[in-house]
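For reference, the structure discussed in these notes is given below.
The values are calculated or read from the model by the stated rules, or taken from the named source; none is laboratory data. The model shown is predicted, which means the values in this text are computed figures rather than measured ones. With ideal geometry, Cβ positions are generated from the backbone for all residues, glycine too; neighbour counts draw on all protein chains shown.
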Amino acid sequence: MAWLRRVRDRIDREYAQPLDVEALARGAHMSAGHLSREFKLAYGEPPYSYLMTRRIERAMVLLRRGDQSITEVCFAVGCSSLGTFSTRFTELVGMSPSAYRRQARRAAVGVPPCIVKQVSRPVRNREAPAAPPLLP
């Protein structure tokens, strides 16, 4: 389990770098397939999906800030294709990056940034459904 945490920590730390499952697997001294299976069992989604979620979360922050173009945000978070970035962003957030930027500006007026970050975090409903809360 420690090696899985190291892979997850590497993704969290180096999300803007060119990472792929093969490179992550080499760093953990295992095959890409084995890493993907074990990572999904432990965290509910494969490593590439986890990486893209981290990138989109960071993009959301940068878009809310509003001082960079969408293309600049795309490259700043480690995506190499604006089309892929926009598609994944729309898939996870439910709207395009430009629509998100417009909506975030209006919605965040007067709300503390820590609250905005928590309520705007993308959730992967298809790959890793949230477990219902366990109430006593």
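Here are the numbers:
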item	result
Residue in the stretch 96-104 that is part of a helix (DSSP H, G or I), surrounded by 13 or more Cβ atoms within 10 Å (Cβ to Cβ), in contact (Cβ under 8 Å) with a residue 12 or more places away in the chain and touching a Lys or Arg at 6+ places or on another chain (Cβ under 6 Å) present	yes
Among the candidates Cys79, Cys74, residue that is at pLDDT 95 or above and under 16 Å from the mean Cα position of the chain (by Cα)	Cys74
Residue within the stretch 94-104 that is at pLDDT 90 or above and within 25 Å of Arg10 (Cα to Cα) present	no
Matching residues in the stretch 1-38 - criterion: being under 16 Å from the mean Cα position of the chain (by Cα), in a helix (DSSP H, G or I) and loosely packed, with under 14 Cβ neighbours inside 10 Å	Asp9, Asp12, Arg13
